Amino acid sequence: MTSNAGFSRSQSRLQEIAADLLKYARKKGASACEIDISESFGQSVTVRRGEVDTIEYNRDKGVGITVYLGQQRGQASTSDFSRSALKSAVDAALSIARFTAPDPCAGLADKALMARDCPDLDLFHPWDIPVAEAIALARRCEDAAFAVDPQIRNSEGASVSTQQSHFVSANSHGFMGGFASSRHSLSCAVIAGEGDAMQREYWHDDCRDAKELIAAEEIGRIAGKRALARLGARRIRTREAPVIFEAPVAVGLVGSFVQAASGGALYRRSSFLLDALGQQVFSPVISISERPHLPKAFGATWFDNDGVATHDREVVADGVLQGYFLSVYTARKLGLQTTGNAGGSHNLRVKGGDDDLAGMLKKMGRGLLVTELLGQGINYVTGDYSRGAAGFWVENGKIKHPVQEVTIAGNLRDMFRGIVAVGNDALPRGAKHCGSVLIEHMKIAGR
């Protein structure tokens, strides 16, 4: 970043603050210290039925400080960047550490694991869109949704959002890294029908670079068509049947896997994937890779929240679990090595097959296509899964009618192993990419 780019402080200034705090913590007796400094700002505009509904601005900043006195750890934070406030935060963290019991797993990662070379990943693309232009863009999006059909009668609004942030992380091993990033989005949610027959649907797109967003009119059209397709939805009889998770909801299955395979859940013994390394946890059609260095990608980074260098790796190969998601702390609790995942996963890619959604429907033949999930009925200790769902009933590989007010249930162990196919229709948004997923059978509770 060659200038402040709208930030109150430059990247070099954040680095100076981090260096000063590390020096002060060392002077005050800390055996080790970690500093995280961030700043972000943005704006969001929402238009509803052609009128401006909300205009929101946000600007945030903060400093997080973690100090160690041997294996005693203390943390403090502040949003005040004055010298006195920053020093007081370090003092507060040290005071907390002195009254904290030693933790044998506490401490920085090994120095040899720190990231050293961090080339630009092209994550920062400012979008300096005036509010008047954002309003006009949102109106075009919503107008396109209403133009789909007269049965599109109401709207929850069309929104345009632009967010920019930058940060610096540093620790007393000599690591210092940081970068700026951006996230821009367009979305639209509309309602078709009237009375008790109303149906709501939406569509959205997210990108680092606003020039790569789907056209506002296209987002509106997709939202309108999806709402229209839901009209006439009804419940179906309770049964067991194959289920396809449409790509936007299939990503949630990947999220459930990450949760169960994360160090925090594992060392607390609150995961159904305990001691599963090297075991067949998915069907052989599933391979999941982690690609943290993809340019412009959400989740792209050269280092994790511990400062540990990230690497490409295969998390699942032909259904076999190759690795967990571990930070330095959780790895020590488990007696394992960090995987560079402090803060979460980095750009997971589920290998897709040859079929688009139409091909997946044909492969399924008869069953339920899930396009929306409701509730949070997942027990990660047992793997039990039960969520409200809506979508479409499929016969002979073709959508027959929309479905609502059903519950799909199973166990994630069985669901993962029962995956028959993954589509090639993954959407280029978010840090987890997965096409539509066909599961051999699930319980469907209806009428």
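The values are calculated or read from the model by the stated rules, or taken from the named source; none is laboratory data. These numbers were taken from a predicted model, which means no experiment stands behind them. Positions of Cβ are generated from backbone atoms using ideal geometry, with glycine treated the same way; all protein chains shown enter the neighbour counts. The protein model used for the area step is the full one, side chains on, heavy atoms only, and it has no ligands, DNA or RNA in it. Shrake-Rupley method; radii C 1.70, N 1.55, O 1.52, S 1.80 Å.
So the values come out like this:
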item	result
Segments 235-243, 420-428, 340-348 sorted - mean Cβ within 10 Å per residue, highest first	340-348, 420-428, 235-243
√(5λ) per eigenvalue of the Cα gyration tensor, region 224-344, largest first, Å	33, 19, 14
Segments 63-71, 20-28, 142-150 sorted - mean Cβ within 10 Å per residue, highest first	63-71, 142-150, 20-28
Debye-sum result for the chain in log10 I(q)/I(0), which assumes one identical scatterer on each alpha carbon, at q = 0.08, 0.09 Å⁻¹	-0.55, -0.70
Separation of the Ser88 and Asp318 label points, Cα + 7 Å toward Cβ, nm	6.1
Selection of trypsin sites (Lys or Arg not before Pro), region 33-92, meeting DSSP coil and at most 14 other Cβ within 10 Å	Arg49
Point-to-point label distance, Ala112-Glu240, nm (Cα→Cβ direction, 7 Å offset)	5.2
Residue-wise HN-Hα coupling along region 376-381, computed from phi with Karplus coefficients 6.51, -1.76, 1.60 (Hz; x: Gly, Pro)	10, x, 10, 9, 6, 6
5 angstrom amide H check on Lys443, placed H, neighbours 5+ away	Ala409
Highest average packing first - 354-362, 30-38, Cβ atoms within 10 Å	30-38, 354-362
Vicinal HN-Hα couplings computed from phi for region 339-355 (Karplus, 6.51 cos²θ - 1.76 cosθ + 1.60; Hz; Gly/Pro x)	9, x, 10, 4, x, x, 7, 10, 6, 7, 10, 8, 5, x, x, 9, 9
Taking N as its residue count, the alpha carbon Rg of region 6-66 over 2.2 N^0.38 Å	1.75
Most mobile of Gly352, Gly174, Gly430 in a GNM of the chain (Cα contacts under 10 Å)	Gly174
Potential lengthening between Asp384 and Lys27 on full extension [0.36 nm per residue; Cα-Cα distance subtracted]	123.4 nm
Additional length obtainable on full extension of the chain from Phe41 to Gln75, 0.36 nm per residue less Cα span	9.7 nm
Carbon and sulfur %, accessible surface of the chain computed with the full protein complex present, 1.4 Å	48
Crossing angle, helix 247-260 versus the chain [Cα axis fit, 0-90 degrees, rounded to tens]	40
Computed label-point distance, nm, for sites Asp53 and Ala197 using a 7 Å Cα→Cβ extension	2.4
Gain on full stretching of the segment that runs from Thr100 to Gln337 - 0.36 nm per residue minus C-alpha separation	82.8 nm
Of all DSSP beta bridges in the chain, antiparallel share, percent nearest 5	95
Label zone at Leu274 (point 7 Å along Cα-to-Cβ), backbone N below 16 Å, region 358-387	379-384
Degrees separating the helix 83-98 axis from the principal Cα axis of the chain, which is the longest one	90
Using θ = phi - 60° and Karplus 6.51 cos²θ - 1.76 cosθ + 1.60, couplings along region 152-160 (whole Hz; Gly, Pro as x)	7, 9, 8, 9, 8, x, 10, 10, 10
Within-12-Å neighbourhood charge of Glu372 [Cβ basis; K, R +1; D, E -1]	+1
Most fluctuating residue given options Val381, Val328, Val254, as computed from a GNM of the chain linking Cα atoms under 10 Å	Val381
Probe 1.4 Å, accessible area per residue of the chain, Å²	45
Eligible lysines near Lys23 by straight Cα distance, threshold 28 Å, same-chain separation 8 or greater	Lys61, Lys87, Lys111
For Ile191, residues with placed amide H under 5 Å, excluding near neighbours	Arg153, Asn154, Ser155, Glu156
Rg/Rg_ref, region 333-447, where Rg_ref = 2.2 N^0.38 Å and atoms are Cα	1.21
